[in-house]
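Everything on this sheet refers to the single structure shown next.
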Amino acid sequence: MREKIYIIDSFRKGNEHEVVNGMLINMYKSMYKKVILRTVKSHYEKINKYIKFDRDINYRCILNIREINYKLATLLQYIIGVFYDIYYYIKAKEILFLTINPFSLFFIKFLNILLKKKVIFVCHGELDSLRKEGLNYFSIYYRFILILFRFIFNIKINMNIYYIILGESIKNNLLQLNPYYKKLNLIVIDHPYDYSETFFKGIKRENKSKNNTIKLGIVGVATKEKNSDKIFELADMFQQEIKDKKLEFTIVGKIKFNIEKYNKHNVKMPGLGKDLIEREEYERIVNELDYILFFYDKDSYKLIASGSFFDAIKMGKPIISIKNDFFNYYFSKYGDMGYLCDNINDMINVINNLLLKNIKTDVFKNNIKRAKNDLSYNNIFINLKNQMEKL
């Protein structure tokens with residue numbers, strides 16, 4: 001067992017990345033005698049429920065100004081984070097950054113030429129900025145940070161610096177982008193996720209038995225970049241079926257786009273106006289769904305893992321999705337877990353077949369169960385531990 005590691009996230013607040021961060025902290029805590037953890041307070045309050053306190057963690061909170069709701073807060077948090085990141089980098093022999101701050105990455109790359117510390121960064125959505133098309137899936141305001149990240153990431157200095165990539169399909173797409181990326185020190189694991197019993201396991205769907213309504217929904221944060229607005233287009237195609245209570249459409253999660261121009265009567269939105277939906281309520285609503293919808297572009301999620309996909313796996317919900325590399329990978333590995341469609345018209349045809357009762361979900365649910373077992377915490381931990389032992 002290794003002696004000590006610092007684990008830092010100077011940016012995330014609240015429930016952002018709460019599951020993956022909590023799971024990773026728990027895994028590294030099992031590999032080290034001592035863990036020194038630094039996050040903002042609101043994030044720690046969310047992730048600590050995933051951490052098994054069989055050994056003490058040395059925790060202190062980091063200043064967080066992102067709770068203040070103004071546009072410059074995000075940029076200022078990155079700048080404040082540099083001071084925290086560099087300070088703890090200097091103190092540590094081994095350090096894990098749960099979020100990549102591009103400003104910090106710049107300094108650490110050069111400092112590590114001399115100091116040769118073991119530095120590990122967890123890669124998330126920022127990787128998609130390495131593709132020119134990838135920037136289109138982020139807000140204009142955030143693109144400045146991503147362009148900066150792309151420039152710094154491509155600086156060819158990687159002395160003792162390692163990157164955790166959350167998925168084999170993501171690694172494969174990354175290596176195809178640039179010959180330089182083949183020289184990176186990559187640790188590849190599946191996206192860690194909490195597959196423990198849901199808060200509402202075993203609760204029967206009362207309205208299902210009463211009116212046989214087929215419930216479809218998108219889960220997670222709803223954004224234009226994810227094409228979440230397409231659910232309104234889809235619901236408009238089935239207005240009569242919604243009126244007859246044969247179908248129901250729901251957005252389960254925070255809504256981060258203007259919905260005023262859409263027909264809001266056809267889609268339920270329990271997260272409308274909320275900063276977040278607490279995990280208990282979130283799982284209760286997802287538990288009511290029959291299928292989870294994904295409208296991501298076919299060229300999206302080449303370098304990003306979808307947390308909402310793992311929500312579907314955990315809750316045992318079949319998927320209806322536009323095809324992309326991420327979904328194709330897991331469907332090819334575990335078998336069909338629902339339907340992969342070429343476009344919205346294909347999705348409409350699938351839903352029409354659902355209405356005609358021409359669909360059996362047993363095969364889907366068996367494959368989902370197999371994926372859930374294979375993607376378990378223990379399996380991912382063993383894979384991570386084996387790779388860490390080689391560093």
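The values are calculated or read from the model by the stated rules, or taken from the named source; none is laboratory data. Since this is a predicted model, take the numbers as computed values, not measurements. With ideal geometry, Cβ positions are generated from the backbone for all residues, glycine too; neighbour counts draw on all protein chains shown. Remember, those area values only see protein heavy atoms, side chains included, never the ligands or the DNA or RNA. Shrake-Rupley method; radii C 1.70, N 1.55, O 1.52, S 1.80 Å.
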Failed item, numbered, when GLY307 is tested on (1) in contact (Cβ under 8 Å) with a residue 60 or more places away in the chain; (2) buried (at least 22 other Cβ atoms within 10 Å of the Cβ); (3) of a type outside the set (Lys, Arg) = (2)
Can you tell me which residue in the stretch 334-371 is surrounded by the most Cβ atoms within 10 Å (Cβ to Cβ), limited to those that are β-branched (Val, Ile, Thr) and farther than 18 Å from GLU248 by Cα?
-> ILE368
Qualifying positions in the stretch 114-134 - over 18 Å from ILE147 (Cα atoms), in a loop (DSSP other than H, G, I, E, B) and in contact with a strand residue (DSSP E or B) (Cβ under 7 Å, 6 or more places away or on another chain) = LYS117
Mind telling me which of the residues PHE331, PHE327 ends up being free of Cβ contacts under 8 Å to residues at least 12 places away in the same chain, crowded, with 16+ Cβ neighbours inside 10 Å, of a type in the set (Phe, Trp, Tyr) and on the phi < 0 side of the Ramachandran plot?
-> PHE331
Log entry, pairs with first residue in the stretch 145-160 being assigned to a loop (DSSP other than H, G, I, E, B), second being polar (S, T, N, Q), beta carbons closer than 7 Å, six or more apart or on different chains, reads ASN158/ASN185; MET159/ASN112; ASN160/ASN112
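For (1) within 30 Å of ILE36 (Cβ to Cβ); (2) among the hydroxyl-bearing types (Ser, Thr, Tyr), each residue gets a yes or a no:
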{"position": "PHE106", "(1), (2)": "yes, no"}
{"position": "CYS123", "(1), (2)": "yes, no"}
{"position": "TYR142", "(1), (2)": "yes, yes"}
{"position": "ILE155", "(1), (2)": "yes, no"}
{"position": "LEU175", "(1), (2)": "no, no"}
{"position": "TYR180", "(1), (2)": "no, yes"}
{"position": "ILE189", "(1), (2)": "yes, no"}
Residue that is more than 22 Å from the chain's Cα centre (by Cα) and aliphatic (A, V, I, L, M), where the choices are ILE100, ILE79 = ILE79
If LEU111 satisfies every condition in (1) within 27 Å of ALA305 (Cα to Cα); (2) in a helix (DSSP H, G or I) but one, which is the exception?
-> (1)
Set SER196, SER209, SER228: member being closer than 22 Å to ILE319 by Cβ and either open to solvent by 30 Å² or more (accessible area, probe 1.4 Å) or at pLDDT below 90 (or both) | SER196
Might you let me know whether the stretch 137-146 holds any residue that is open to solvent by 10 Å² or more (accessible area, probe 1.4 Å), under 19 Å from the mean Cα position of the chain (by Cα) and of a type in the set (S, T, N, Q)?
-> yes
